[in-house]
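The values are calculated or read from the model by the stated rules, or taken from the named source; none is laboratory data. Note that the structure is predicted; figures quoted are calculated from it, not measured. Neighbour counts are summed over all protein chains in view; Cβ atoms, including those assigned to glycine, are modelled from backbone coordinates with ideal geometry. Each accessible area value is taken on the protein alone, full model and side chains, heavy atoms only, with ligands, DNA and RNA left out. Shrake-Rupley method; radii C 1.70, N 1.55, O 1.52, S 1.80 Å.
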Number of protein chains: 2
Amino acid sequence: MSELPIPKHHRVTQEVRREALIRATLDCLAEAGSDGASVRKIAARANVSIGLINHYFAGIEALVAEAYRLLATELLESIEKAVEEAGTEPRAKISAFFRQSFAPPNLDYKVLHVWIAFWSMTRRSHEVQSIHDETYGAYRTVLEGLLGALKDQSGDQEISVRLAAIGLSALIDGLWLEWCLNQKTFSPDEAIRLCEAWVESLITVRSGR
Amino acid sequence: MSELPIPKHHRVTQEVRREALIRATLDCLAEAGSDGASVRKIAARANVSIGLINHYFAGIEALVAEAYRLLATELLESIEKAVEEAGTEPRAKISAFFRQSFAPPNLDYKVLHVWIAFWSMTRRSHEVQSIHDETYGAYRTVLEGLLGALKDQSGDQEISVRLAAIGLSALIDGLWLEWCLNQKTFSPDEAIRLCEAWVESLITVRSGR
DNA sequence: TTCACTATTGAACAAGTGTTCAATATGCCG
DNA sequence: CGGCATATTGAACACTTGTTCAATAGTGAA
């Protein structure tokens, strides 16, 4: 009887391995927050040895930074997809933005703890800080585009699109943060209603003059 | 020449020592975020040995939980003080609330990292979770009181004070969070203006019917 | 002044962390 | 099939972490 050779490990493309490690990092962060992002836990989840992380990344900090970039990018992509599927009407697009923001998988207290881990790193790591700046800027730009379309349509020139987008993104983030920290205070539906009210007030108040 | 005895340490009231340790914890958290809250760093800052922490607190987690309670309480107290000093006019009181929220020492990126450290603990520690629930509930209650007074004055019965307070606190938190993470996107003054606009829209939209 | 209480100390411990690097084994190419 | 490049391994390292507990020393009372 010849023993069939069970390979202890196998090789994959650099790209594949990198993404697997990044995904494992997000999983670990979602499961245990900041404490989850240790080389040993990440390596275990990716079915890989500890040493491999430093072969693909400059250090654990760089790996977490890449995970930040992936999460932020995928969040924005999922929102943009929902917005596009909502048709051409600006007002309907914005509603789709809200619904996507306050629904799984984006609205998830586990995901909050991933963001919290990232935020806590903005201080130490310039890399993480600039990834935040980039991705949050992109997020606000999308919001500005939607609010700008609404402005063009209503013909109202008094709305500051920039400020409106800043306020709206803050409202969304604040509601999202608080809901994740305590789901009993209000419902996701109420959060959406509050966002809708913000947009309505932008239109109604000014055009009522 | 008799050597003058330099005491290696001195005793203080339990209350005094406890508060000193809690204050040292807040300092450490402000200085280095979650990483700052280690028994050794806290003990060093409080000029005390490592062992004393476990003499006064069940563990490092309990100490950090107490620090949470103190920070949240003092934040709310500082805001309530500013509100009371603003006079009796509901609208002016709310403005004072905003100005106090977006001014030092409350608006400080170092303080953000203290909050972040607390948020990251809500998952592990039921104690921290319930302190969050309590203090955030108190915060929203104050806001509800102010918005309720505004509602009584305007005679408008359509405003849901509860939802308005939830939205407003989310807006404040979101603006505060984002400003602390990146001071270049908007100014504290603009944040205040956005909050004022929220209140205005509550009044104007409905009473315009 | 002496005593006794206890606040305070700090060494010891086990467990965790990130990084390094020589050794290994895998899969491709000739 | 044989050989090579290198992806992958995991032990070793120097740290940091929170908790424990016997020993120490400050301080008010007798």
Checklist entry - Which sequence of B:61, A:77, B:84 reflects their accessible areas, 1.4 Å probe, from the largest down? => result B:84, A:77, B:61
Checklist entry - With all protein chains present, how much of the accessible area of the protein assembly as shown (probe radius 1.4 Å) comes from carbon and sulfur, to the nearest whole percent? => result 53 percent
Checklist entry - Can you give the Kirkwood hydrodynamic radius for the range B:90-165, in Å, rounded to one decimal and based on Cα pairs? => result 14.4 Å
Checklist entry - Other chains' Cβ within 10 Å of B:112-124 residues: what's the mean? => result 5
Checklist entry - What is the mean number of Cβ atoms from other protein chains located within 10 Å of the Cβ atom of each residue in peptide A:99-111, rounded to a whole number? => result 0
Checklist entry - Each label point is 7 Å from the Cα along the Cα-to-Cβ direction; what then is the distance between the points at residue A:35 and residue B:62, in nm? => result 1.7 nm
Checklist entry - If you take the Cα atoms of chain B, find Rg, then find the Kirkwood Rh from the mean of 1/r over all pairs, what is Rg/Rh? => result 1.09
Item to check | Exam field: residue A:124 pseudo-label spacings to other copies (7 Å along Cα-Cβ), nanometres | outcome: 1.4
Checklist outcome for this item: Between chains A and B, the summed loss of accessible surface on complex formation, probed at 1.4 Å and reported to the nearest 100 square angstrom, is 3600 Å²
Checklist outcome for this item: Note on the range B:26-72: alpha-carbon gyration tensor, axes a ≥ b ≥ c; rule is a/c under 1.5 for rounded, else prolate if a/b larger than b/c, else oblate; result oblate
Checklist outcome for this item: So the number of lysine pairs in the protein assembly as shown with alpha-carbon atoms under 15 angstrom apart, 8 or more residues apart or on different chains, is 4
Checklist entry - For chain B, what does -39500 (n - 2.57) per DSSP helix run (n ≥ 4), summed and divided by total residues, give at 222 nm, in deg cm²/dmol to the nearest 500? => result -24500 deg cm²/dmol
Item to check | Average partner coverage of A:174-184, which counts Cβ from other chains inside 10 Å | outcome: 5
Next on the checklist: In Å², and per residue, what accessible area does the protein assembly as shown have when probed at 1.4 Å with the other protein chains present?
Outcome noted: 50 Å²
Item to check | Positive-pole candidate from A:195, A:50, A:164, dipole of chain A, charges at beta carbon | outcome: A:50
Checklist entry - Around residue A:188, with a cut-off of 14 angstrom between Cβ atoms, what is the net charge of the other residues, counting Lys and Arg +1 and Asp and Glu -1? => result -2
Checklist entry - Kirkwood hydrodynamic radius for the protein assembly as shown: how many Å is it when counted over pairs of different Cα atoms? => result 23.6 Å
